[in-house]
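Quick note: the coordinates plus some simple rules give every number you see, no bench work behind them. Note that this is a predicted model, so its numbers are computed, not measured. Here the Cβ positions follow ideal geometry from the backbone for every residue, glycine too, while neighbour counts run over all protein chains shown.
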Amino acid sequence: MQEERTEPLMDQQWSTATLRVLSSMPSRTIGRSRGAIISNYYNRTMQLRRRRQSRPSIRDFAPSSRPSIRGYGGVETDAGVDDERKWRQLVINLQNLPVSDRVQMLRCMPLSVDEKREIRYITSPYLSPFCFFFFILPNGYGGMVDYWLSLLSFLQLWQIALKKVSGRFGTGVLSYFVFLKTLLLFNFFLSIVTGFFLVLPQAIYPALSYALKFQGLELLTGGGYFTSTVMYYGYYTNSTLKKDCIWQQAISQHSNQTACHSLYYNMPLAYFFTIGFAFFITGIILVYTMSKSFGQSFRIDKSQGVLAMKVFASWDFKVSKKSSIKMQCENISTQIKELLSELALQQNTMGLLQKFGKSCVHLLAWTMCVGSTLACVLAVFYFSDYIRARVNDTANPLVKEAGLLALPVVVSTINLLLPGFFNAVAWMEEYNSPSTSNYVSIFRNLMLKVSVLGVLCYHWLGRIAHDPTSLGLQCWESFVGQELYRFLLMDFIFTMLDTFFGEFLWRLFSQKALKRKRKPVFDIARHVLELIYGQTLAWLGVLFIPVLPIVQIIKLLCMFYMKKASLMMNCQAPRKPWRACQMTTIFITLLCFPSFLGASVFVTYTMWTIKPSESCGPFRGLNSMFQSGKRWVEELEKGNPNLGWLVWAHTYLVENPFFLFVGAVIYFHTQVLDGQRKIISLLQEQIKNEGEDKKFLITKLQFIHEQKRPLSSHRIRGASEVKPEDSGTASLLLKKMTSSLPSLIFTPWTSWH
Amino acid sequence: MGGAASQLPKEMVSEYQELTFLTKQEILLAHKRFSELQDRDSLSSRVPMEKILTMPELKSNPFRRRICHVFSTSEPNDGSLTFEDFLDLLSAFSDSATLEIKSHYAFRIFDFDDDGTLDAGDLEKLVNCLTGDTDETRLNPEEMRQLIKNILEESDIDKDGTVNLSEFQHVISRSPDFVSSFKIVL
């Protein structure tokens, strides 16, 4: 490390004259002086103009923007004139940009509103008829947008609540609620699509079926009365809904009304394409969000410059409550002290025995976690089989329905207790950094949930769908739908119980009985994983219960208010540092990869390979659900041979979804590269600024020497406005800069790799 | 904009929308809050710093005085804000402000002596603001010295002993949390 070389420059006590020179260097005035900002933005507008192809004329090029030594001279006296010229050039550049670019450029300038207004009035002084179009239309258009935005103000409904949460707990806890809001939007979209295309047509033309009596237990089990409503797959008809025909046929048997014109709605086709379309759009939105997040937060993941980042970028300005600010100060102080001691400790290498001991502990912890996960998975596997075999033994229908609740209860209990066990195991382990322990705990929880869901999917598709008569079922899809509804509901009930017992009662207990001052900590990772689990269930079930997204919306709304109330009353913010942006990216990735991918694989497998029931649902009589789409496309081709390309597209895109995954991966990579490109451009600007400083010092030196040169006889007069040490220090600075320029180029690059 | 709490004319609102990162609702809310802070009897449209600091969003923030000084356009720079200064403040701290604007103003806020760079004195004051006033959270002089040395090692690329704006922006660009934490919402 080049420690000693930098000391001379840092420890010098500079004279006031030197300080004056230093403070007028370009790199130190960028932040402060208006002239420097104008000059900076003049350069940018020039670049933008060049990019937009409205080539600036040669006259527009100021001499100093060309990197040659010839343009130097007279830096001192021309400063004011230079500013004015730059200002005028900036105005010319802005006038030559398209309107949207101009507005964006004005907004991004760090000047006061007054100055921006001045520039704006000059760049667009009057409203010509052409400008009229651009100026009034955005305002009018903006007015329309504002109107629609205010209509969507229910999304802003939670803004006050979110502000309270962030004011007290900070950005980390806020990210949980923002994630909840995102899931709500996904479900909203899904419910609109399925509601409009599936539920509504079927509800308007109800299929004939027997109606069971409504008993209270249905809300829990989802069976009984609900099986003969639009809720379940089994209710949907496999025929084409026709207007006018149904009523006419029912009323008059004798009439020969066969002219069924106007609307007709092919239900099986609609079902197939709606589900496919909903999943496709959700997938696109997820991949897009994930890639953008990734591009932003994983630019450089080397832990270089951790302390500087902690000091410059970790203060959360949103926090406004006094006690929370105090807590934030405490947290930052602790984290800085920990980081400092870690850096000091890194000098000592650990002994071999210590390292071995540490790995043994890690191995033991992992064995315990994996073992317990495996045990739970086997338990679910055998228990589900046992329930399947024994559920038909009882004659009482009520007990039968209640017996079906046993499996969801068992799974929810596992999901509740095992993460606590994992946390306990993690206490005995020691990690290099708090983020590693976060990642490990998330991975273990994820492993548990993925394996449990995997076993359940096998149970539904491999056992029940394969052999529906073993349960005495006529419609296995509705049954699987009911199972998913029960799982979703049990998950919600257990979350409620956990909030009540885990947070409220625990706080009372620890404050009254144990007399501790600290409230329980809000475990962000665990709660987000629970949300992801619930959303996976919703996506798994949409094929069998088109109204499941609506149930999920209701559940999420209740959870928001419940969690917020519990948070305000019982919890405190996490003490460990929480890198919100990185964590949010990880959560969206988890939502996309195991969760959405698993659900779409499940749905794709069901649609492509499993034989639908004979007696219920829109696909009865077909060999697979996919066949309905394929038949329709083939019929279209027979009717109109020009549509052969549609068949080809259908074969390659729909039948082979692998294609789409490849596209997603490519897009993802381009976003990550984009993020890294931004770093490169920042570094280039840094190098350019160094060049400006050098130019400034060279011209200053030249000026000083020119003053000294013909005046060797004047030195006796003593009226020297030039102190010898000024030129000395200026040249020392210049030497320093020239020697450090190569290191400037190389150090960031090596740290980047 | 006089002392009386009047409605903002529509053209001014759309002008502010164009020049800042705030939406129409945010501008109107800002006007409402600013009018509440204004003294009815005073003739000037500036609100003195003490009144601004009574706002709940700024009341306990350790950087509140620096924020007022940075955004104030008054001649003696006493930290008083006009309505447009207030809008500038909110725009820099808003949701849609770019990383560049935020890092620019963050740099100016952290530059306690206003000399255009962050030298050791600025860094020391910055760390003291971050860690608070109590004895147990403050860093002792040895830790402070070590911390400043490490920060300069990590971020001072041209090795001149101070962190200038570009170096600051370079550090900030590697920290994706900055944009979401440099926010104040009314």
| note | Net charge (Lys, Arg +1; Asp, Glu -1) of residues whose beta-carbon lies under 13 Å from that of A:Ser341, A:Ser341 excluded, is -3
| message | Taking just the alpha-carbon atoms of chain B, what radius of gyration and Dmax come out, in angstrom? | response | 18.3, 57
| query | So what's the net charge close to A:Met562: Lys and Arg +1, Asp and Glu -1, counting the other residues with Cβ under 12 Å from its Cβ? | reply | +1
| Value of relative contact order over region B:2-92, rounded to a whole percent, pairs C-alpha under 8 Å and six or more apart | 29
| Length gain on complete extension for the stretch A:Leu471 to A:Leu19, per 0.36 nm per residue less the alpha carbon to alpha carbon distance? | 154.0 nm
| Which order do B:Ser103, A:Ser615, B:Ser72 fall in if you start with the one that has the fewest other Cβ atoms within 10 Å? | A:Ser615, B:Ser72, B:Ser103
| query | Any idea how many Lys pairs in region B:2-92 come in under 18 angstrom at the alpha carbon, given 8 or more places apart or on separate chains? | reply | 5
| query | What is the distance, in nm, between label points placed 7 Å from the Cα along the Cα-to-Cβ direction at A:Tyr264 and at A:Ile204? | reply | 1.6
| task | Return the sequence-ordered ³J(HN,Hα) values of region A:394-406 in whole Hz as given by the Karplus equation 6.51 cos²θ - 1.76 cosθ + 1.60 applied to θ = phi - 60°, using x for Gly and Pro. | result | 8, 8, 5, x, 5, 5, 4, 5, 5, x, 5, 7, 5
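Give me Rg/Rg_expected for region A:353-469, where Rg uses Cα atoms only and Rg_expected = 2.2 N^0.38 Å with N residues.
Relative to the 2.2 N^0.38 Å estimate, region A:353-469 comes out at 1.38.
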| query | How much length is gained if the chain between A:Asn642 and A:Leu597 is pulled fully straight, taking 0.36 nm per residue apart and subtracting their Cα-Cα distance, in nm to one decimal? | reply | 12.7 nm
| field | Spacing of the two label points (7 Å from each Cα toward its C-beta) at B:Glu75 and A:Leu352, in nm | value | 7.8
| task | Count, for each residue of A:314-326, the Cβ atoms from other chains sitting within 10 Å of its Cβ, then give me the mean as a whole number. | result | 6
| Net charge over other residues, Cβ less than 10 angstrom from the Cβ of A:Gly403 (K, R count +1; D, E count -1) | 0
| query | Using θ = phi - 60° and the Karplus form 6.51 cos²θ - 1.76 cosθ + 1.60, what ³J(HN,Hα) does each residue of region A:557-564 get, whole Hz, x for Gly and Pro? | reply | 4, 4, 5, 4, 5, 5, 5, 5
| message | Starting from the 7 Å offset along Cα-to-Cβ, what nm value, one decimal, do you get for the label separation of A:Ile687 and A:Lys181? | response | 4.2
| query | Between region A:574-648 and region B:9-27, what is the C-alpha centre distance in whole Å? | reply | 45
| query | What order do you get for A:Arg526, A:Arg518 when you list them from fewest to most C-beta neighbours inside 10 Å? | reply | A:Arg518, A:Arg526
| task | Please report, to two decimal places, log10 I(q)/I(0) for region B:99-181 at q = 0.12 Å⁻¹ as given by the Debye formula with identical point scatterers on the Cα atoms and no solvent. | result | -0.36
| task | Provide the gained length on full extension for the span A:Ala344 to A:Ala424, in nm with one decimal, where the gain is 0.36 nm per separating residue minus the Cα-Cα distance. | result | 25.9 nm
| field | Hull-based mean projected area of region B:2-92, where the convex hull spans the alpha carbons, in square nanometres | value | 5.8
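Cut-off is 10 Å between beta-carbons; in what order do B:Thr23, A:Thr604, B:Thr162 appear when sorted fewest neighbours first?
Final ranking by Cβ density, sparse to dense: A:Thr604, B:Thr23, B:Thr162.
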